[in-house]
1. Just subtract the alpha-carbon distance of Thr93 and Ser284 from 0.36 nm times their residue separation and send over the number in nm, one decimal.
2. Spin-label point model (7 Å from Cα, Cβ direction): what's the Gln213 to Asn240 distance in nm?
3. Count the net charge of all other residues whose Cβ sits under 10 Å from the Cβ of Ile175, scoring Lys and Arg as +1 and Asp and Glu as -1.
4. Relative to a virtual label point 7 Å from the Cα of Ala230 in the Cα→beta-carbon direction, which members of the range 62-95 show backbone nitrogen distances below 14 Å?
5. When Lys and Arg each count +1 and Asp and Glu each count -1, what net charge do the other residues less than 9 Å away from Asp124, Cβ to Cβ, add up to?
6. With each label point set 7 Å from Cα along the Cα-Cβ vector, what nm distance links Thr71 and Tyr305?
7. Under the Karplus relation 6.51 cos²θ - 1.76 cosθ + 1.60, θ = phi - 60°, what is the ordered set of whole-Hz ³J(HN,Hα) values for the range 109-124, x standing for Gly and Pro?
8. Please state the relative contact order of the range 158-314 as a whole percent: Cα pairs under 8 Å, 6+ residues apart?
Amino acid sequence: MKKSTQTTILQALVFIITVFGTSCKKTDREPVQETRKTSTAPSESKALAAKPKKVLFIGIDGCIWRAITATNAPTLKTLMNQSYSNTTIMAQTPTWSSNGWAALFTGVGVAKHKATSNSFSGSDFVNYPSFFRQIKTNLPALRTVSVVNWAPIHDYIIASQDVTVKATLTTDAAIETRIIQEVTTNNSDVTFCYFHDVDKAGHASTFRTSSAQYMQAVKTTDGRVGRVLAAVKGRSAYANEDWLIVVSTDHGGDASHGGSSDLERNTFVILNNSTIAPRSAGGSQLPYTVPPTILNFLKIPRPSYYDGQPLVTF
Ligand SMILES: [Zn+2]
């Protein structure tokens, strides 16, 4: 009797310490500016702690979110509805791909990475490496993969020593095939996949929902994303894995991009994980919030030089 009372008190103390310890930590990590229209905190992740964590980051160059919500892209639209989705992300100026992708990989703003032009002249990825550096340092056994068809991401932003596979291909079709291979037979753990055709169609037209050419490119890419996600869900081990799906873009557009208008700066982030309550978020966050979110999911410490806080904590 006495022994069981002691045990109960001990259990209660452990419980209190655990709960208070966890909530203090969480508060520290909460993004300052985040506004949630619905407010379910993603705290259920403890139940999935034993499952291997996997990340798939899908980058769609020059994709305006209005082209997704205009019912043109059923896969991405459904994913948005089932995820944390933020359509008020604002890329920094100038709204070139260099600047946008650098922020999405380094976790810092243009004042630090200095990738102000697509020549990458003066950029600093030595002091501000891609988030793959933190993954390689903290979880070196993970298979990390980047597959792109815009070479500068590999030439400048992602260092070869930080990833297991760095494949620069030529077409979105080739990207789709390779990424499906990586997430299925090759069992990649952290995978970045880049599609270029939407941006190309934007430049050839207007980056507007009124352009049939642009909307067709978004629809085609949506099909590719759908097949990649189906491949992930088709994994025999899928039910015993903990997947974070990230979808984002480097800049918006309006006729073109590079300038500082809201339409050129406005991007989006989708975060899908079984512990994330679906919600539409706002707050005009910056794209450099993506790397700390990915690192938080993988339980890797956020580098102190990062400018952003996680959009969601796990
Ligand atoms: Zn472009």
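Values in this text are rule-based calculations from the coordinates and carry no lab data. Just so it is clear, the structure is predicted and the values come from calculations on it, not from any experiment. Here Cβ is always computed from backbone atoms with ideal geometry, including for glycine, and neighbour counts include all displayed protein chains.
1. Values: separation 191, 0.36 × 191 = 68.76 nm, distance 1.43 nm.
Taking Thr93 through Ser284 to full extension adds about 67.3 nm, to one decimal.
2. Once both label points are built, they end up 5.0 nm from each other.
3. On the way: positive: Arg178, Arg224; negative: Asp172, Glu176, Asp197.
That works out to -1.
4. Only 74-76 fall inside the zone, counting backbone N under 14 Å.
5. Details: positive: Lys112, Lys114; negative: none.
The answer is +2.
6. 4.9
7. Ordered by residue, 3J(HN,Hα) equals x, 5, 4, 9, 6, 6, 8, 7, 9, 6, 7, 6, 4, x, 6, 10 Hz.
8. Values: 152 pairs, mean separation 23.8, N = 157.
It rounds to 15 percent for the range 158-314.
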